[in-house]
Amino acid sequence: MSRALKDYNSISWNDLFYFDPNSPTGLSWKVDRMAGRRRTIYAAKKGEFAGNIHFDKKKNTKYATVPHAGTNWFAHRVIWIMKNGYLDAEKVIDHIDCNSLNNDINNLRVVEQELNVKNSPKRKDNNTGESGVHFTVSKGRKVDSYTYATATWYPESNKRACKHFSVTSMGLMPAFKAAVEYRRKMIEELNAQG
């Protein structure tokens, strides 16, 4: 079982939450949530929005989470299980539109990790504006200029592949366009394979 999955399938989420398109997490409380040693303090009342938005600075990602039994749980996984009843331990939930805060059930799909990586938005340190394509400088160059436009993709789980296009021989924009086109071709081939 995936470590990230925790024990999502064993909890009766429908007893705790209901779908709420107005809630930032997509969920609201179905029950009063009590806190304190004697469970006499309201932590949340029935009908209130459930959870919060978690920002991971290291990964530069935002996800909606909901609390239960002293742990925060990803709202998109909770919503999927509430709607479909079960989530296979080998699969992950993908946000189709790449917006990790859009937890509408129509925006969620079960995929393998490889496809989820392919559908990732561009990285924060991306210097081209195109996901999976970046400029690199060869080590030891005296002139601080780009030497390659590099296309990257993941043909296998956690295994990156790349192809370099020389800026020196092709020119900056032709190398960039070639890298973009090559990456799109590789992604199309991978998606056709399933």
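Compactness of segment 36-116, taken as the C-alpha radius of gyration over 2.2 N^0.38 Å, stands at 1.25.
Less than 13 Å Cβ to Cβ from residue 106, Lys/Arg counted +1 and Asp/Glu -1: what total charge do the surrounding residues give? Within the 13 Å Cβ shell, the charges total -1.
Taking the alpha-carbon centroid of each part, what is the distance from segment 46-92 to segment 157-194 in angstrom? Between the Cα centre of segment 46-92 and that of segment 157-194, the gap is 34 Å.
Just to verify a number: FRET efficiency for residue 34 and residue 54, C-beta to C-beta distance, R0 = 22 Å, to 0.05?
Between residue 34 and residue 54 the formula returns 0.45.
Go through 45/91; 30/91; 46/83; 6/46; 83/177; 45/83 and tell me which ones have a Cα-Cα distance over 30 Å in this structure. Please report the intermediate quantities before stating the final value.
Details: 45/91 33 Å; 30/91 28 Å; 46/83 20 Å; 6/46 26 Å; 83/177 42 Å; 45/83 23 Å.
Pairs exceeding the cut-off: 45/91; 83/177.
Selection among 16, 34, 49 by position relative to the dipole of segment 1-71 gives 34 as farthest towards the positive end (Cβ unit charges, Cα centre). How much length, in nm to one decimal, is gained on full extension between residue 83 and residue 110, taken as 0.36 nm per residue of separation minus their Cα-Cα distance? Gain on extension, residue 83 to residue 110, equals 8.5 nm.
Using the Cβ-Cβ distance between residue 22 and residue 160 with R0 = 41 Å, the FRET efficiency computed as 1/(1 + (r/R0)^6) comes to roughly 0.55.
Say R0 is 30 Å: what FRET efficiency, to the nearest 0.05, do residue 127 and residue 189 get from their beta-carbon distance?
0.70
Each value in this text was obtained by applying a stated rule to the coordinates, not by laboratory testing. All values derive from a computational prediction rather than experimental measurement. Using ideal geometry, Cβ is built from the backbone for each residue, glycine included, and neighbour counts are taken over all protein chains shown.
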